[in-house]
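Take a look at the structure below.
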Amino acid sequence: MAAGAGAVEVPDLALERDSLEPRPSGIPDAGFGLFATRRFRAGDVVCVYRGRTLTTSEAARLDTAERYYLMRLGPQCYVDASAEDSCLARFINDARRAAKQTCWFDKQPDGAPGYDEPVALVRALRDIEAGEELFAPYGSWYWVSFDRAKARGAAGTEPAGDGESKARASPGPQA
Ligand SMILES: C[S@@+](CC[C@H](N)C(=O)[O-])C[C@H]1O[C@@H](n2cnc3c(N)ncnc32)[C@H](O)[C@@H]1O
């Protein structure tokens, strides 16, 4: 992290709310996105992706619609932010072009400062100005599943395979 005097390594919820705002994304048809309301520096922890922790088999049992905010942190470790209304990180979209990404998910399956449970720290890839929309790569698994489901016009039609691969083929940030 680019630390300065008084810099906060991992922001608490109040600081997240003071620094970020969900509003309609600049990507057409992408729903909401997350926007910076202050400047961040490269390496800063912008916010924290957190929620209910699930194993692979628990994640695989979710319906596709329930996987919207599901993120894989590692083997046997998923985080579902769908019921975590205070989790602003879940509004981050994927620009799908490396040059347009502003952040990355720094996955911490063993927890992070201030968090005993698995989380992903959203870190700034570069300096981010107030007003910019945040984007982070979800990983190729996500988009393979997303594009297949879109082409079929149906949700929840991924082949089961083993539990791990079924859960990985879910429409949540996989990275
Ligand atoms: C984790 S949510 C991100 C927040 C979401 N936009 C919302 O309104 O809650 C993931 C969903 O955002 C949308 N999304 C993210 N990046 C996108 C992109 N580049 N193009 C289109 N939709 C995108 C897709 O609907 C995806 O399933």
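Any read-out appearing in this document is the output of simple, stated calculations on the displayed coordinates, not a laboratory observation. Since this is a predicted model, take the numbers as computed values, not measurements. Methodologically, a virtual Cβ is constructed for each residue, glycine included, from the backbone with ideal geometry; neighbour enumeration extends over all protein chains shown.
Among the strands (runs of 3 or more DSSP E) confined to the stretch 58-143, the ones with at least 1 residues that are more than 15 Å from the ligand (Cβ to nearest atom) and small (Gly, Ala, Ser) are located at 70-74, 119-124.
Residues that are in contact (Cβ under 8 Å) with a residue 40 or more places away in the chain and assigned to a helix (DSSP H, G or I): does the stretch 33-54 have at least one?
No, because not a single residue in the stretch 33-54 is in contact (Cβ under 8 Å) with a residue 40 or more places away in the chain and assigned to a helix (DSSP H, G or I).
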